[in-house]
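One structure is given here, and the rest of the page talks about it.
Every number in this text was worked out from the coordinates using simple rules, so none of it is lab data. Just so we're clear, the structure is a prediction, and the values are computed from it rather than from any experiment. Here the Cβ positions follow ideal geometry from the backbone for every residue, glycine too, while neighbour counts run over all protein chains shown.
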Amino acid sequence: MKSYRKELWFEIPARRGFVNITPQVEACLAESGVSEGLVLVNAMHITASVFINDDERGLLHDYEVWLEELAPHAPTSHYHHNRTGEDNADAHLKRQVMGREVVVAVTEGKLDFGPWEQIFYGEFDGRRRKRVLVKIIGA
Amino acid sequence: MKSYRKELWFEIPARRGFVNITPQVEACLAESGVSEGLVLVNAMHITASVFINDDERGLLHDYEVWLEELAPHAPTSHYHHNRTGEDNADAHLKRQVMGREVVVAVTEGKLDFGPWEQIFYGEFDGRRRKRVLVKIIGA
Amino acid sequence: MKSYRKELWFEIPARRGFVNITPQVEACLAESGVSEGLVLVNAMHITASVFINDDERGLLHDYEVWLEELAPHAPTSHYHHNRTGEDNADAHLKRQVMGREVVVAVTEGKLDFGPWEQIFYGEFDGRRRKRVLVKIIGA
């Protein structure tokens with residue numbers, strides 16, 4: 001069994017943002033030499049997500065608006081977590097909606113994707129360096 | 001390491017619907033010959049989900065009502081994504097709540113499930129042929 | 001390929017609660033002898049979650065309040081599922097927001113985690129014995 005590990009680093013300049021990381025994951029897969037197996041891609045931070053959806057600007061706007069409705073940032077005093085001195089409780093909630101990780105099949109050395117699947121890093125508490133883990137196992 | 005891949009195709013006649021796909025995944029597992037490992041089952045489309053829950057008609061109704069409250073289909077003009085000519089922005093949101101994929105343990109050649117776990121395909125933008133990927137790795 | 005399986009049992013005395021199960025999963029990993037691979041940790045029940053987030057008391061309170069807003073327990077007659085004699089329809093909904101499972105990378109024999117990642121069992125219909133499955137594959 002082969003295994004491969006890499007960290008991808010991001011620094012989103014705003015509190016929230018989405019980045020298509022599919023090319024970086026594809027580069028990891030090529031480097032791994034795995035042709036049949038599974039790729040795990042996960043946020044290593046608990047206020048960020050990795051998810052798969054469409055790379056369409058309007059949709060990313062819709063996610064931003066919708067997540068802010070489901071789990072508003074303000075008033076920050078609404079959240080007990082923020083009594084610790086943080087102001088990011090909403091980010092922990094938003095991340096649960098969008099998910100921590102994706103697992104993708106590897107077939108014949110490629111990400112085994114449908115036509116529109118793209119992997120995104122979703123940042124909900126940015127303005128600092130944060131990491132995504134890529135772990136690949138297979139043969 | 002053994003690996004196995006199969007696509008399952010669905011055409012849901014309505015915009016939304018749920019299908020219990022556990023028997024098809026069990027058939028894939030039997031065909032794979034894997035006795036210890038992991039099964040990944042994922043929607044290959046970004047307006048559909050694969051999830052695990054109870055095969056109870058009332059609950060599936062409750063999911064339908066609840067998802068429509070969390071991410072309403074109409075007014076379609078509410079969503080920027082629909083400016084592309086689509087009317088399925090809500091489907092992309094509903095899919096994030098229910099999830100893209102499940103990973104299930106394989107033990108002694110069986111899906112290693114609790115008493116009520118069933119795998120569902122959740123369609124949020126149907127009336128066309130769409131696919132689910134089953135990937136199995138193990139020994 | 002090595003594989004390992006263990007069930008962890010919980011009995012949460014209230015309807016809802018969160019338990020940090022990271023030490024138990026770490027013990028499983030040590031017992032498995034796997035140094036490179038993947039760990040799957042999933043609820044075996046459909047009214048419970050396994051998720052990764054911060055072990056901070058205020059945040060767990062915020063999750064409880066937020067999930068009750070997104071999918072209220074009462075009025076129980078609101079849900080068709082409860083016509084079966086159950087009163088736990090909301091638990092099936094809450095579990096979808098928080099997720100069924102996590103997949104964690106194993107690197108050099110350790111859970112490959114960022115600084116704050118902790119694995120939680122989330123109970124939404126407790127007061128009885130329920131199970132979590134830990135499955136580890138790798139080399």
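The table that follows gives values for the structure above.
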{"item": "Alpha-carbon Debye profile of the range A:1-109, log10 I(q)/I(0) at 0.15, 0.24 Å⁻¹", "result": "-0.75, -1.40"}
{"item": "Spacing of the two label points (7 Å from each Cα toward its C-beta) at residue A:31 and residue A:87, in nm", "result": "3.6 nm"}
{"item": "Student exercise, chain A dipole from Lys, Arg, Asp, Glu Cβ charges, in Debye to nearest 20", "result": "660 debye"}
{"item": "Positive minus negative residues near residue C:11 (Lys, Arg vs Asp, Glu; Cβ under 15 Å)", "result": "+4"}
{"item": "The protein assembly as shown - mean residue ellipticity at 222 nm from DSSP helices (-39,500 (n - 2.57) per run, n ≥ 4, rounded to 500)", "result": "-8000 deg cm²/dmol"}
{"item": "Label-to-label distance, nm, for residues given as residue A:127 and residue A:76 (7 Å Cα→Cβ offset)", "result": "0.8 nm"}
{"item": "In sequence order, calculated HN-Hα J values of the range A:17-24 (Karplus, 6.51, -1.76, 1.60; Hz; x Gly/Pro)", "result": "x, 10, 10, 6, 10, 4, x, 5"}
{"item": "Relative exposure of B:133, C:8, judged by other C-beta atoms within 10 Å (fewest first)", "result": "C:8, B:133"}
{"item": "Pairwise label distance in nanometres, residue B:68 with residue C:108, each label 7 Å out on the Cα-Cβ vector", "result": "5.4 nm"}
